[in-house]
Structures are given as structure tokens and as C-alpha cells.
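Participant: The structure follows.
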Amino acid sequence: MVRSESRAGFALSPTELKQMDDIVSPLLIKGQSLHHIAVHHADELMKSERTLYAYVNNGLFTARNLDMPRTVRMRPRKNVSRNLKVDKACREGRDFSCFQAYTKEHPDFSVRQIDSVEGLKGGAVLLTIHFVEQGLQLAFLRKRNDSQSVIDIFNRLYLELRPDIFMELFPLLLADNGSEFSNPSAIECDSQGKLRTRMFYCNASAPYQKDSCENNHEMIRRIIPKGEYIGQYTQEQIDLMMSHINSYARKKLGNKSPYEVFEFQYGKKCLDVFHLCIMRFQVRKYRQFINGGKISDIILFCQSWIGFSPCFRCKSKQSHI
């Protein structure tokens, strides 16, 4: 093992992480310094102060670095640490060859490809979940590109959909090697340790292994170009964007939209949980909206390429036409 490999990631199990989080996060939120916590809980934590700072800065704990008053006041250092993997061994038994073997053993399991869409480096990002057969894609706003935010989204979907429906919709996940997906056990299992899905990884530098997800990102990029700050949008606006994209008819789906195909297979209730709706362009309503004096709030994001004209950044609910 080369020296760089020995530093790439955290040798930390989910159980160890939870034990430390239960100690550190409540005390940080109460206003105690990380130095004070490291000194007075040394026997319980068994980690140095510097290591604890690394855990906080990489978003492993419930408490964030914003919960430390001095950190808020201090300017960030130029050599900001890069995102590190929570589990260095996360790919063991989950690489692409294992994925191929697993799909052969379970040919009826549908694959969901997951990825992140970045705007500005270090800023807010989107988690995308792509249903390959149906062409449907979900997008969830995350304040930062860390592992915990991904886990939180899957936990929320697990509760909102009910366990049986979640397991039917997400039997198999395929991700890239991003650090935000480096805690697969927390995604695969619920809080009781029950297996709810299986997760595998593409080979390094092989985005073509989940090409359906990558291709669908082109539509998102036409609306939110690379380098634009994603944090300026709300989840409601992201849902509106994805409703438009999923309402776009595809030739490979028999000129049906992903929304319609998904609704036929799984029903409308699931789409309601995802906050998606079918977008039908109505010229009369749109002209009434334009003539209503709201033009200053309008930035058209769906032009001739998608066939719809409702606006993305509109404050009025009349834009949902």
C-alpha cells in the first residue's frame, strides 16, 4: 500500500461513528469547544483533537463546523481538506464486476443509478436518482456534498414511501466513486439494521457504466449550467424543473413521457411523494399569466427543445400550468 492510499478515507465503522457522534454533536451544539470535548472525553472517543476536526469538517457528525463559534468567525484556510471517504473499504464486494454478477443472479431487480450534480465547487449540489427503464429522474437539493446528506434523503424516502414500497422501487443502486456515496451500509440498511436495498459502484473513470443517468443530466444542465450556484434555488423549484423534464416525451418510450410510464407501472401516489406532476402546456393560461404583469419574475427555462414554456424562477404558483 502506497502512502497516499493509507490516508485516503477514514478507518471508521458506522457503529464507531455513531458512538462518537452521540458524544461530540450534542456538546458542540451546546457550545463546548472541540478541544474541551477531546480532553474530557478522551477515554470514550480515543481520537485526537485534529482527527475530530477532520470528522466535523467532512460532515461525518450531526453537528457541523458552523456550530463552532470560532470557526464561523475565522476565514477558511486556503488548503481546505478534500472530501474523504467514510469507509475506505466500501467497494469491497460492491465493485462493478460484483454488480454484474448480482444482476445475473437477480434479473428481475431494476437498477437505479445515483449521482450528484454540482454547481459551484464546495456549494450546494443535487442528488439525482434515475429509474433506467422508465427514464424518470428525481433530484434532491443538498446544502453540501457529503455522505450524511445522501443518507438523510434515503431515510426520508424510506419513511415517506413505507418500507415495502421503498424496497420495490429501490432494489438495486449503482453509484460512482464519489465520497458522498462512501457509506453504503447506512444506505443499504435502515435504523434497525434491516437490509432495504443493495448498492454497487462503477469502475473508476467509467461514467458510461451508468450512461442513462449521465445523459439525463444534459437536460438539467440546460436549465442549471455548470458553475451556477445551485443553493439559490429551493426544493420546490427543483421539483418543478424535474416535473418538466419528466413530462418530456421520449421516442424510446413509445412517445410517452417518463412520468406516464412510471405512473402506469407504480401509480400516482409514489409520484406525489416525489412531488412530481405532469406538465401540460396551455397557451391561454400562459398568455393570461404573461399579461398579468409578472414578466419581471420570469426566466424561461424550457424553450423549443422541451416544448413547454412555464417558467422556473417564478414566485407565483400560476407558473405550475
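Participant: Suppose we keep only residues that are exposed (fewer than 14 other Cβ atoms within 10 Å of the Cβ) and hydroxyl-bearing (Ser, Thr, Tyr) within segment 185-226. Which one would you say is nearest to Arg162 (Cα to Cα)?
Facilitator: Ser191
Participant: With respect to Leu161, determine if the residue is of a type in the set (A, V, I, L, M, F, W, C), crowded, with 17+ Cβ neighbours inside 10 Å and more than 22 Å from Leu60 (Cβ to Cβ).
Facilitator: Working: of a type in the set (A, V, I, L, M, F, W, C): yes; crowded, with 17+ Cβ neighbours inside 10 Å: yes; more than 22 Å from Leu60 (Cβ to Cβ): yes.
So Leu161 fits the description; yes.
Participant: Mind counting the residues in segment 65-105 that are open to solvent by 60 Å² or more (accessible area, probe 1.4 Å), at pLDDT below 85 and among the basic types (Lys, Arg)?
Facilitator: The number of residues fulfilling the criteria is 7.
Participant: Show the residue pairs meeting these rules: Cβ distance below 6 Å; 6+ apart or different chains; first residue within segment 10-33 and modelled with pLDDT under 85; second residue surrounded by 14 or more Cβ atoms within 10 Å (Cβ to Cβ).
Facilitator: Pairs found: Phe10/Val86; Pro14/Ser185; Pro14/Ala186.
Participant: Of Pro258, Pro207, which residue is touching a residue at least 60 places away in the same chain (Cβ under 8 Å) and either closer than 30 Å to Asn177 by Cβ or of a type in the set (Ser, Thr, Tyr) (or both)? Before you say what the answer is, go through the steps one by one.
Facilitator: Numbers: Pro207 fails: touching a residue at least 60 places away in the same chain (Cβ under 8 Å).
Criteria check complete, one pass: Pro258.
Participant: Across segment 106-116, what is the number of residues that are hydrophobic (A, V, I, L, M, F, W, C) and surrounded by 17 or more Cβ atoms within 10 Å (Cβ to Cβ)? Step through it out loud before you land on a result.
Facilitator: Here is the first cut: in segment 106-116, the ones hydrophobic (A, V, I, L, M, F, W, C) are 109, 111, 114.
If we keep only those that are surrounded by 17 or more Cβ atoms within 10 Å (Cβ to Cβ) too, we end up with 111, 114.
Residues that pass the stated criteria total 2.
Participant: Can you give me the number of residues within segment 34-64 that are exposed (fewer than 12 other Cβ atoms within 10 Å of the Cβ) and modelled with pLDDT under 80?
Facilitator: Taking segment 34-64 and keeping what is exposed (fewer than 12 other Cβ atoms within 10 Å of the Cβ), we get 35, 39, 43, 46, 48, 50.
Filter again for modelled with pLDDT under 80, leaving 43, 46.
Within segment 34-64, residues that are exposed (fewer than 12 other Cβ atoms within 10 Å of the Cβ) and modelled with pLDDT under 80 number 2.
Participant: Step by step: first the residues of segment 267-279, then only those that are surrounded by fewer than 19 Cβ atoms within 10 Å (Cβ to Cβ) and over 22 Å from the mean Cα position of the chain (by Cα), then the one that is nearest to Gln235 (Cα to Cα). Which residue is that?
Facilitator: Selected residue: Ile278.
Participant: Output the number of residues of segment 117-158 satisfying the condition of being of a type in the set (Ser, Thr, Tyr) and either loosely packed, with under 15 Cβ neighbours inside 10 Å or at pLDDT 95 or above (or both). Walk me through it before giving the result.
Facilitator: Initial filter on segment 117-158 (of a type in the set (Ser, Thr, Tyr)): 128, 147, 149, 158.
Filter once more, so that each one left must be either loosely packed, with under 15 Cβ neighbours inside 10 Å or at pLDDT 95 or above (or both): 128, 158.
Total meeting the criteria: 2.
Participant: Please verify whether Ser182 is open to solvent by 10 Å² or more (accessible area, probe 1.4 Å), small (Gly, Ala, Ser) and touching a helix residue (DSSP H, G or I) at 6+ places or on another chain (Cβ under 9 Å), treating the condition exactly as stated. Outline the logic, then answer.
Facilitator: Numbers: open to solvent by 10 Å² or more (accessible area, probe 1.4 Å): no; small (Gly, Ala, Ser): yes; touching a helix residue (DSSP H, G or I) at 6+ places or on another chain (Cβ under 9 Å): yes.
For Ser182, the condition - open to solvent by 10 Å² or more (accessible area, probe 1.4 Å), small (Gly, Ala, Ser) and touching a helix residue (DSSP H, G or I) at 6+ places or on another chain (Cβ under 9 Å) - is not met.
Participant: For segment 275-297, which positions are modelled with pLDDT of 95 or more and either within 21 Å of Glu218 (Cα to Cα) or of a type in the set (A, V, I, L, M) (or both)?
Facilitator: Of the residues in segment 275-297, the ones modelled with pLDDT of 95 or more are 275-276.
Listed by number, the list holds a single entry, Leu276.
The values are calculated or read from the model by the stated rules, or taken from the named source; none is laboratory data. Everything numeric here is computed off the predicted structure, so don't read it as measured data. Methodologically, a virtual Cβ is constructed for each residue, glycine included, from the backbone with ideal geometry; neighbour enumeration extends over all protein chains shown. These accessible areas exclude ligands, DNA and RNA; they are computed on the full protein's heavy atoms, side chains included. Shrake-Rupley method; radii C 1.70, N 1.55, O 1.52, S 1.80 Å.
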